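Worksheet: the structure to be examined is printed underneath.
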Amino acid sequence: MLSLTLTVNKLTALSYVSNVKVLENFNIKVLNEYEVEINGKKYDIKRTIGLNDVNYSFERSSFLGRRIKILKFSLLQRKDGVTISIDGDKILLDSFNEKKFVNDLMLLDTEKLLSSKTLMTMKVKKEEITDVINMALSKSNNTTLLLWLSSDNKYVRMKIKNGELIEKVGEFTSLGENVDVFIKQLAVT
């Protein structure tokens with residue numbers, strides 16, 4: 001069993017693990033919504049989605065009988081995010097790409113946050129990032145702000161509350177010379 005604790009919204013996490021594209025993190029080739037390829041062999045997908053878990057069953061018939069592989073995602077809501085437990089076939093778990101899984105889920109969570117009303121958007125030069133961060137720090141009294149910096153398909157995501165950095169994802173060195181900036185006020189939960 002694998003377990004990941006992330007600071008993402010539970011509904012976003014549930015949406016992510018219920019999309020068959022999540023299976024690509026386990027070296028599974030998704031052919032369509034109902035069929036995948038595992039180690040060169042085609043399997044039919046059966047998926048059940050609940051409020052706290054998503055189960056995938058992969059079945060194929062062979063002359064030796066039915067072959068079944070299983071992956072199960074269980075979500076436990078926490079005060080600051082969600083814990084995702086992943087259980088199932090050992091071969092699939094051994095091929096799990098944790099880094100891609102986490103990055104894709106964090107990106108999806110941020111995209112959902114940014115899709116609502118943004119306080120400010122701007123373009124700055126890389127050397128002006130420090131000024132933008134200082135401005136966000138000073139404006140974050142009694143509130144939580146999301147600061148999203150992106151360029152060249154790379155990003156840095158920061159959550160700031162009461163003048164303090166509470167979360168940072170990504171590296172500033174990965175950003176290019178021209179940086180897009182989004183600042184959003186987050187609701188307190």
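The values are calculated or read from the model by the stated rules, or taken from the named source; none is laboratory data. Quantities reported herein were computed from a predicted structural model and do not represent experimental measurements. Quick reminder, even Gly has a Cβ in these numbers, built from the backbone with ideal geometry, and neighbours come from all protein chains shown. To get the accessible areas, we keep the full protein, side chains included, count just its heavy atoms, and leave off ligands, DNA and RNA. Shrake-Rupley method; radii C 1.70, N 1.55, O 1.52, S 1.80 Å.
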Among the residues of the stretch 52-81, the number that are over 16 Å from VAL20 (Cβ atoms) and in contact (Cβ under 8 Å) with a residue 24 or more places away in the chain is 8
**Asked** Do we find a residue being modelled with pLDDT of 90 or more, open to solvent by 80 Å² or more (accessible area, probe 1.4 Å) and either assigned to a helix (DSSP H, G or I) or in contact with a helix residue (DSSP H, G or I) (Cβ under 6 Å, 6 or more places away or on another chain) (or both) anywhere in the stretch 40-63?
**Response** yes
Are any of the residues in the stretch 6-14 buried (at least 20 other Cβ atoms within 10 Å of the Cβ) and farther than 15 Å from MET106 by Cα?
-> no
Cβ pairs under 8 Å, 6+ apart or interchain, first in the stretch 127-138 and touching a residue at least 40 places away in the same chain (Cβ under 8 Å), second open to solvent by less than 70 Å² (accessible area, probe 1.4 Å) and in a helix (DSSP H, G or I), ordered by first then second residue, are ILE129/PHE172
Filtering the stretch 19-39 for residues that are under 18 Å from ASN103 (Cα atoms), free of Cβ contacts under 8 Å to residues at least 40 places away in the same chain and open to solvent by less than 50 Å² (accessible area, probe 1.4 Å) leaves a count of 1
Looking across the stretch 147-170 at residues that are open to solvent by less than 40 Å² (accessible area, probe 1.4 Å) and not in a strand (DSSP E or B), the single one that is nearest to GLY81 (Cα to Cα) is GLY170
- Query: Does THR121 qualify as being more than 22 Å from VAL8 (Cβ to Cβ), touching a Phe, Trp or Tyr at 6+ places or on another chain (Cβ under 8 Å) and among the hydroxyl-bearing types (Ser, Thr, Tyr)?
  - Reply: yes
Selection from the stretch 71-89 of residues modelled with pLDDT of 95 or more, surrounded by fewer than 18 Cβ atoms within 10 Å (Cβ to Cβ) and not hydroxyl-bearing (Ser, Thr, Tyr) yields LYS72, ASP87
Residue count, the stretch 114-124, condition modelled with pLDDT under 85 and more than 24 Å from the chain's Cα centre (by Cα), comes to 1
task = Determine, yes or no, whether LEU105 is in contact (Cβ under 8 Å) with a residue 60 or more places away in the chain, hydrophobic (A, V, I, L, M, F, W, C) and open to solvent by 20 Å² or more (accessible area, probe 1.4 Å).
result = no
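Condition first: basic (Lys, Arg) and either within 18 Å of MET122 (Cα to Cα) or under 17 Å from the mean Cα position of the chain (by Cα) (or both). Now tell me which residues in the stretch 137-179 satisfy that.
Of everything in the stretch 137-179, those that are basic (Lys, Arg) and either within 18 Å of MET122 (Cα to Cα) or under 17 Å from the mean Cα position of the chain (by Cα) (or both) turn out to be LYS139, LYS154, ARG157, LYS159, LYS168.
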(1) open to solvent by 40 Å² or more (accessible area, probe 1.4 Å); (2) modelled with pLDDT of 95 or more all hold for GLU127 apart from (2)
